[in-house]
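Below is one structure; the comments refer to it alone.
The values are calculated or read from the model by the stated rules, or taken from the named source; none is laboratory data. Given the structure is predicted, the values throughout are model-derived calculations rather than measurements. Please note: Cβ atoms are built from the backbone with ideal geometry, for glycine as well, and neighbour counts cover all protein chains shown.
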Amino acid sequence: MTRVYRDLVPTFADPADWTLSTVLRHHAGERPDATFLMTPEEGLRWSYAEMLSSAQRISGSLIKTGAQAGDRLIIMAANSSQLVRSWFAAAVGGLVEVPINTNYEGEFLRHQVVTVGARWAVIDDTLAERFVPIAEHARGIEHFWVIDTGRGQEAVDVLRRAGWAADVWDDLEEGPELDLPATRPQDLGAIFFTSGTTGPSKGVAMPHSQLYFFAQIVVSLTRLTPEDTYLTTTPLFHGNAQFMAVYPALVAGASAVVRPKFSASRWIDQVRESGVTVTNFVGVMMDFAWKQPPRPDDRDNRLRCVYAAPTASSIVADFQERYGIEAFVDAFGLTETCAPIMSPYAVERPPGAAGLQAADWFDIRLVDPETDHEVPVGEIGELVVRPKHPWTCSMGYYGMPEKTVEAWRNLWFHTGDALRKDADGWFYFVDRYKDALRRRGENISSYEVEQAILGHPAVAECAVIGVPAGVEAGEDEVLAAIVATEPVEPGAVIDWCKGRIPDFATPRFVRFVDALPKTPSEKVRKAVLRDEGIAPGTFDRQEKAHGLQR
């Protein structure tokens, strides 16, 4: 019998309560003195009651300045308590939060500011000068509040000279605690921008109900309770940290620990120092932590669950044993759809499986991307999704109606992701369709090849692409671009792949690079690697086998 995920039961049973302001007020009333937020680098700790009071004062200042429900508030800052409180203030005050990547500048920044038509902005002082070159496009911003990290007043002066009203962020906390109307679950709560590797980024319009539901998914995945402490080290301008770490802690009545960045060498110390019971990994973070030298006290911690997306299946069992972790969990989804595929807690998964269909909440299919007809079990198809309950998926792409219609064709959201499903109901991510390779008549997952190569102790990062075979039309040869932590021979990488991936998927070409080309949100720009192709210095195992040198 095909298995599905049935464990998703909302903490707040009534969907009318699915807003951050309602959840925050509930916990502030029920357990006002319990710790909600810890920011160790600032040496600060905030209770639920203190978080509500701060959010209400900040939203009071915004409204007193002229902000109205539905106005977009840009938040462009590194992880800090000020960022979290600004985000909560937007939710409490009915404003629409727009997190912006702190790496953005120039056209990337201009595009997002213009697309959302923001009236207000909270930014770090170090980022003020980024707005000056785009000033003519950003005049819709009526007021900046600047988080002081050492250059607060200087940044305020920069913005004022450029013609904007600006003040230090601390002034926001001087506002009145207004009697604010409750936000509705169907109201727009946030706009999170995708950061695709081609074309302008799209702003995903997320209602409050969807933001809550995304957090609820993680509460279910990790079995989060008020006794837990959830650590996040990823940037809060990404959903992974915001509605998949901090917000789940809020929903569960737990504590959230926010640190400014991930440190592989300090990770287990930070887990131990804050009494962390749950944390998350994204991408290669799990591999980086694993490659740290083992220590006798690795198991001296309270960590019971790690949400790793993706879970590196080749090391997960040893990772659990080394650190004494009860469960690794995973899910598959997108900002647009939440996560319709989830892994049951502490249940052994087939290697590489992301999870099972959350069948009570989502319809999903794997379809032929050309015809939208469902493919047979076991075959690769594009994941398409539709919700069974209102306001649990996005409202579309903000200001881009044509992109919304394109993505939701035939009344299903088209993810662009290639997956397969086995007879037991487990789903496996194969690739982004645009990154898929085909060699000698076989489909190859660049993701799976990358995961195999990343297991090599000398490999820090890896991107796998297809390059023209030069012989068979429509076929690819596999090229691996690698960032190494120490000298390693290309042949050693090839040898490492043997027994880990099929021979047809083993790279023919290996190229070592100082860094992979990336978008400002750290996605690898594979189009750039494809354009570079077989650059000088690329190792070719076929030519090596014939005694030739490229």
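Structural remarks
- Note on the stretch 425-540: enclosed helices (runs of 4 or more DSSP H) holding 1 or more residues that are in contact (Cβ under 8 Å) with a residue 24 or more places away in the chain and of a type in the set (V, I, T) are 446-454, 490-497.
- Residue satisfying condition, being among the β-branched types (V, I, T) and either touching a Gly at 6+ places or on another chain (Cβ under 7 Å) or at pLDDT 95 or above (or both), within set V524, V483: V483
- Restricting the stretch 322-354 to residues that are among the aliphatic types (A, V, I, L, M) and under 25 Å from P15 (Cα atoms), the residue that is nearest to the chain's Cα centre (by Cα) is L334.
- Residue that is touching an Asp or Glu at 6+ places or on another chain (Cβ under 9 Å), surrounded by fewer than 19 Cβ atoms within 10 Å (Cβ to Cβ) and not hydroxyl-bearing (S, T, Y), where the choices are R272, R295: R272
- Residue match in the stretch 355-365 (condition: farther than 30 Å from P200 by Cβ, among the aliphatic types (A, V, I, L, M) and either under 22 Å from the mean Cα position of the chain (by Cα) or not assigned by TED's automatic domain parsing to the domain that holds A215 (or both)): yes
- Restricting the stretch 1-23 to residues that are of a type in the set (A, V, I, L, M) and closer than 19 Å to E227 by Cβ leaves a set whose member that is surrounded by the most Cβ atoms within 10 Å (Cβ to Cβ) is V23.
- Reported count of residues in the stretch 142-156, each being without any contact (Cβ under 8 Å) to a residue 24 or more places away in the chain and surrounded by fewer than 16 Cβ atoms within 10 Å (Cβ to Cβ), is 1.
- Here V219 meets the list (1) in contact (Cβ under 8 Å) with a residue 12 or more places away in the chain; (2) not assigned by TED's automatic domain parsing to the domain that holds Q357 almost entirely, failing just condition (2).
- Filtering the stretch 212-232 to residues that are crowded, with 23+ Cβ neighbours inside 10 Å and either over 19 Å from S343 (Cβ atoms) or basic (K, R) (or both) leaves Y212, L231, T232.
- Qualifying residue in the stretch 454-465 (condition: touching a Cys at 6+ places or on another chain (Cβ under 7 Å) and of a type outside the set (S, T, N, Q)): yes
- Residues located in the stretch 57-89, provided they are hydrophobic (A, V, I, L, M, F, W, C) and without any contact (Cβ under 8 Å) to a residue 60 or more places away in the chain: A67, L73
- With respect to the conditions (1) modelled with pLDDT of 95 or more; (2) over 30 Å from T183 (Cβ atoms); (3) small (G, A, S), G396 lacks only one, and its number is (2).
- Cβ-Cβ under 6 Å pairs, at least 6 apart or on other chains, the stretch 163-183 side at pLDDT 95 or above, far side part of a helix (DSSP H, G or I) and surrounded by fewer than 16 Cβ atoms within 10 Å (Cβ to Cβ): A166/R160
- Count of residues meeting criterion [within 17 Å of the chain's Cα centre (by Cα) and either touching a residue at least 40 places away in the same chain (Cβ under 8 Å) or farther than 29 Å from P294 by Cβ (or both)] in the stretch 258-269: 4
- For the stretch 120-134, a residue qualifies if it is outside any helix (DSSP H, G or I) and within 15 Å of G163 (Cβ to Cβ), and exactly one does: A121.
- Some residue of the stretch 160-170 being β-branched (V, I, T), closer than 17 Å to S61 by Cα and not in a loop (DSSP other than H, G, I, E, B): yes
- Residue check for P235: out of contact with any helix residue (DSSP H, G or I) (no Cβ under 9 Å at 6 or more places or on another chain) and not polar (S, T, N, Q): no
- Search result, residues across the stretch 366-402 that are of a type outside the set (A, V, I, L, M, F, W, C) and under 21 Å from the mean Cα position of the chain (by Cα): E382, R386, P387, T392, S394, G396, Y397, Y398
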